[in-house]
Each structure stands twice: as structure tokens, then as C-alpha cells.
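Each remark here refers to the structure printed beneath this line.
Laboratory data are not the source of any read-out in this text; all were calculated from the coordinates shown. All figures in this text were calculated on a predicted structure; none of them were measured in a lab. We place every Cβ from the backbone using ideal geometry, glycine too, and count neighbours over all the protein chains shown.
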Amino acid sequence: RRTGEALRAFHTAIRSSPGNTRSQAMKEQAQGTMLKVLTSFKSSEIEQAVNSLDRNGVDLLMKYIYKGFEKPTENSSAILLQWHEKALAVGGLGSIIRVLTARKTV
Amino acid sequence: SWPLSPPEIALCPNNHEVHIYRKDGAKWSKVHELKEHNGQVTGIDWAPESNRLVTCGTDRNAYVWTLKGNVWKPTLVILRINRAARCVKWSPRENKFAVGSGSRLISICYFEQENDWWVCKHIKKPIRSTVLSLDWHPNNVLLAAGSCDFKCRIFSAYIKEVEERPSPTPWGSKMPFGELMFESSSSCGWVHSVSFSASGSRVAWVSHDSTLCLADAGKKMAVASLCTETLPLLAVTFITEHSLVAAGHDCCPMLFTYEESQGTLTFGGKLDVPKQSSQRGLTARERFQNLDKKASSDTANASLDTLHKNSISQISVLTGGKDKCSQFCTTGMDGGMSIWDVKSLESALKDLKIK
């Protein structure tokens, strides 16, 4: 498995995130896809992926990370914590604040 | 609240009173205590030309204070609200003042000569929650209001009894009382503070979702917003037509720049750069104490490096006005007040660019 595939899948998942949907089914599907993509990364690849995002992308990623924390699977929290660390370094506390204040959840 | 001169300041020490301090050389001494409110004083504004104070509080009242001899005499203003008042601002010509409250409306108060008392009119629609902050446009008619319903709005507070009809502005030409001239849509947090630029053609606001936004009437009210990396900002003011200073829960004032041609807001840097103190190692005893108290033997400093040790809740321009500010003042939850000199900041922080 090459790094490029994971990165491409990551960008696709970010881009196709359902923005304004009220459909719980759509949201859960997107959450599931995103979680699969995030957990497929090797620790060493995470930082590069985070740095490739713009400000809105980092905010969106942070929302998915916290969504992932809400429904932990056996190994998900460990990798999500690594994603959280890298996303925090780029997005700052502000990105976490916006997870808490967002009206439109992912 | 600061008047122009002599150096005097009115403040509320988080209770029902207002204390006035006068600066004598380098020392501040308390010269007056204003006791009239039955609840915490939430807003104070000092009108420099007419030398009057207005205060508002959780007792749902406002008082206008005039100095008679050496005593400040209060005049009650009935606001007709059933929740706490939260903020108050004199209009630029000091013939009106606006009070924001938890009653989800703004009381515009003016003096009625015939009856020799203050009356008020209400701006209600479409405000849906507490009004946290207010700022007047230089034309004495338009008023910006930030609310807990996540919106920054500009209303007309035109009072025909005290002024002529205003001439058209970039925000619109028809300004009957209560008219909504602008309403924001971008934020997802309580709007803590609003500020008109000196010319009045721009309005900026900070929200609890850690964003700073600016609406430019010169660009058809286009809104530029910046998602900051900081904790929410609680106060904002323009210091030139393109530069803003904001501060909040990070306890540190920060510079932001508005680039008109691109319609963007950018972070310009923190203005409180702590001096580098020499890092000293911990003694063995201190390590054990840290382990005991905090379950960590980390050498990182647990206390804040910033000047303010708690959130900054207010920023006021002291000298130079909002177009060429040379000094501004911050006050915070730590009970401290700091005065910042713009020129000194520019020379001390090499990469700082105030446009």
C-alpha cells in the first residue's frame, strides 16, 4: 500500500463530506468512511496529510476526529489521538472551539 | 470607561458600585464612589464633552450621572426591560445612549426637554437573544449590536426629537428608527464585541466560535471572516481603518489586518510578547512538590507568561481615535488594567506591521 493512496482517499473523504445534510444516514456513512481512512494511515504519514489541508479542511478534520472519539472502536482512539495532536498543532485551540460551537455537525 | 482628560477612570469592581479614580502624576487615587444601583453594574460609559456618566446594571436600570460641585448626582432612566442590562454606550454627539439587555432588545434613551426626564424607545425585531455589545457609527444614528443569537446587526437609532434626518451612508439611505441596515450570517457563536471603524464604513465583530469577522459597506457589505487558532476573543476595536486589536480568553491582545483589495482578514501577531526569563532548573524538592500537587514533574511554567493573568474583557482606544490609535487600554478578569503604546509595540515587535 503506497502512501499516495491513503492521502488521496483522505482528500476525497474531506472533499465529499456532506455539508448541509440533515440525513442521519448520510452523516453516519461519511463518518464511517472517514474513520476507515483515518485509521488506515501510518503514524508517520499523518503530519503530511494534515499540512496539506487549508483552514476549513483542518476544522472539518477536527470535527471528524471528535466524532470518532464519540464512537470508539477497538483501535480507533489511539490513532485518532495522533491525528488530534497534529491537527491541534495546525488549527490551534480555535479549531476545537469551533467543534464545540458548530451548528452544523458532521 | 475613560474620559479624555484629566486622567480619570470610572470602573466597577464587580459589585453594585462605580468607583472613579484620578491620576496624580504616576499614582491613581480613588476620588468618588457612586452607589445607586441595586445590582451588579454591567456597563459604564463616560461622555467626554458633556462630562456625564451613564451606568447600567443587573437591576434593570440605567443612571445618568452629572457632576454637581464635587458630587456625582444620579438620574434614573427607566429602560422598561424585564431582564438585566448588559452594556451601554453614549452616542458620538452625547444626546442619546443605547442599552443592550437580556430582554432581547436595545433601549435608545434621549432627554425630553418638556418633561425634564429621559425617555426610551425600543429596538426589538429581529433580535432573538441577549445583546452583549454596542457601538455607534460616527453619524450618531447607526448602531451596531452584537447578540447571543450569533448575529452582528446594524440598526438605525434615529430619534427625530433630537436630531435632523441623517444623510445617506454606504449602509443605506433610508434610516427610520429601528430599521435593520445589516445582519451577519456567518458566525456560530455569541457575538461578544462589535466595533465600527472610524469612518463608519466598516464594522468588525468577534464571536465565541473563535472567529473575527468584518463587513465592508464599501464592498456591498461583503463579509470577511477569519477562523482564529486562539480561544474566543471577547473584545475588538479598530486602531486604523485597516487594523484591529482584539483580545479575549488567551489573555493577550492581538493584531489583525484587513486587506481591502482581497477582502481578507489576517492574523498580524500577538502584542504581548513576554520577556524571555532565564530558565532555571527545578530543585529536587520542587520536583517532589510538583509530583504531589500536579502529578507531573514537568518543568514547564504553569502560570501565564502574559501581562494579564486572566481573560481580557474590554479594549478601549485612549488616544488617537479609531483611525490613528496611539494608545489603547485593556482590562480583564484579573482586575488589571494595562495601557499599550502603539509606537512602542511597533518598535519592540520587529515583524509587526500596522497598516
(message) On the Cα set of the stretch B:49-108, report Rg and Dmax in Å, please.
(response) 11.7, 38
(request) Run through all the Cα pairs of the stretch A:1-101 and give the fraction in each 10 Å bin from 0, expressed as whole percent. (result) 15, 53, 30, 2
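How large is the convex hull of the C-alpha atoms of the protein assembly as shown per residue, in Å³?
Numbers: hull volume 90.5 nm³, N = 461.
Normalising the Cα hull of the protein assembly as shown by residue number yields 196 Å³.
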(request) Across the stretch A:1-101, how many lysine pairs, 8 or more positions apart or on different chains, have C-alpha atoms separated by under 15 Å? Please give the number. (result) 9
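Using R₀ = 45 Å, calculate the FRET efficiency as 1/(1 + (r/R₀)^6) where r is the Cβ-Cβ separation of B:Ile339 and A:Phe69; round to 0.05. All intermediate terms of the calculation are to be shown ahead of the outcome.
Working: r = 44 Å, r/R0 = 0.97.
It comes out at approximately 0.55.
With contacts defined as alpha carbon pairs under 8 Å and 6 or more residues apart, what's the relative contact order of chain B in percent? Please report the intermediate quantities before stating the final value.
Numbers: 896 pairs, mean separation 27.8, N = 355.
Across chain B, relative contact order equals 8 percent.
Take the Cα radius of gyration of the stretch B:153-226 and divide it by 2.2 N^0.38 Å, with N its residue count; two decimals is plenty.
Details: Rg = 13.3 Å, N = 74, 2.2 N^0.38 = 11.3 Å.
My calculation over the Cα atoms of the stretch B:153-226 gives 1.18.
Averaged over its residues, how many other protein chain Cβ atoms are within 10 Å of peptide A:89-100's Cβ atoms?
Numbers: counts 1, 1, 4, 7, 8, 12, 4, 3, 14, 9, 1, 5.
Averaged over the peptide's residues, the number is 6.
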(request) Beta carbons within 10 angstrom, averaged per residue: use that to sort the peptides B:246-255, B:80-89, highest first. (result) B:246-255, B:80-89
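Please report, in debye to the nearest 20, how large the charge dipole of the protein assembly as shown is about its Cα centre when each Lys and Arg carries +1 at its beta carbon and each Asp and Glu carries -1 there. Write down the numbers at each step before the final one.
Numbers: 58 positive and 45 negative charges, 184 e Å.
So the dipole magnitude of the protein assembly as shown works out to roughly 880 debye.
Count the net charge of all other residues whose Cβ sits under 9 Å from the Cβ of B:Glu183, scoring Lys and Arg as +1 and Asp and Glu as -1.
Result for the neighbourhood of B:Glu183: +2.
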(request) Give me the aspartates and glutamates in straight-line cross-link reach of B:Lys343: C-alpha distance below 18 Å, same-chain residues under 8 apart excluded. (result) B:Glu241, B:Asp272, B:Asp323, B:Asp351
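If neighbour count is taken as other Cβ atoms inside 10 Å, put B:Phe267, B:Phe196 in order from fewest to most.
Working: B:Phe267 15, B:Phe196 22.
If I rank by nearby Cβ atoms, fewest first, I get B:Phe267, B:Phe196.
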(message) Among A:Ser23, A:Met34, A:Leu7, which residue has its Cα furthest toward the positive end of the charge dipole of the stretch A:1-101, with +1 on Lys/Arg Cβ and -1 on Asp/Glu Cβ?
(response) A:Ser23
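What's the Kirkwood radius of the stretch B:44-172 in Å, using all Cα pairs?
14.9 Å
Grab the other residues whose beta carbon is less than 14 angstrom from that of B:Gln40, score K and R as +1, D and E as -1, and report the net.
Details: positive: B:Lys35, B:Arg60, B:Arg83, B:Arg86; negative: B:Glu17, B:Glu36, B:Asp59.
Net of charged neighbours comes to +1.
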(message) Give the lysines reachable from B:Lys125 as a straight Cα distance under 29 Å; neighbours fewer than 8 places away on the same chain don't count.
(response) A:Lys104, B:Lys89, B:Lys96, B:Lys151, B:Lys160, B:Lys174, B:Lys219, B:Lys220
(message) Largest first, please: the extent of the C-alpha atoms of the stretch A:1-46 along each principal axis, to the nearest Å.
(response) 35, 15, 15
(message) Let me check I've understood the local charge: for B:Gly320, count other residues with C-beta under 11 angstrom from its C-beta, Lys and Arg +1, Asp and Glu -1. What total comes out?
(response) +1
(request) Just the isolated ones, please: cysteines in chain B lacking another cysteine beta carbon under 4.7 angstrom. (result) B:Cys12, B:Cys56, B:Cys87, B:Cys148, B:Cys152, B:Cys188, B:Cys213, B:Cys227, B:Cys251, B:Cys252, B:Cys325, B:Cys329
(message) Which three extents, in angstrom, do the Cα atoms of chain B have along their principal axes, listed largest first?
(response) 76, 51, 37
(request) Would you mind ranking B:Lys160, A:Lys86 by Cβ crowding within 10 Å, fewest neighbours first? (result) B:Lys160, A:Lys86
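Please sort B:305-315, A:21-31 by packing, taking for each peptide the average over its residues of neighbouring beta carbons within 10 angstrom, highest first. Walk me through the intermediate numbers first.
Numbers: B:305-315: 19.0, A:21-31: 12.4.
My ranking of the peptides, most packed first, is B:305-315, A:21-31.
Rounded to whole Å and ordered largest first, report the semi-axes of the equivalent ellipsoid of the stretch B:139-264 derived from its Cα gyration tensor (root of 5λ). Can you show the working numbers first?
On the way: eigenvalues 132, 46, 32 Å².
Listed largest to smallest, the semi-axes of the stretch B:139-264 are 26, 15, 13 Å.
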(request) Using only Cα atoms, find the angle between the long axis of helix B:284-294 and the longest principal axis of chain B, and express it within 0 to 90 degrees, rounded to the nearest 10. (result) 40 degrees
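Considering every Cα-Cα pair within the stretch B:1-82, what fraction, in whole percent, is farther apart than 14 Å?
Values: 2022 of 3321 pairs.
For the stretch B:1-82, the share of Cα pairs beyond 14 Å comes to 61 percent.
Fewest Cβ neighbours within 10 Å first, please rank B:His242, B:His137 accordingly.
Values: B:His242 17, B:His137 25.
Ordered by Cβ neighbours within 10 Å, fewest first: B:His242, B:His137.
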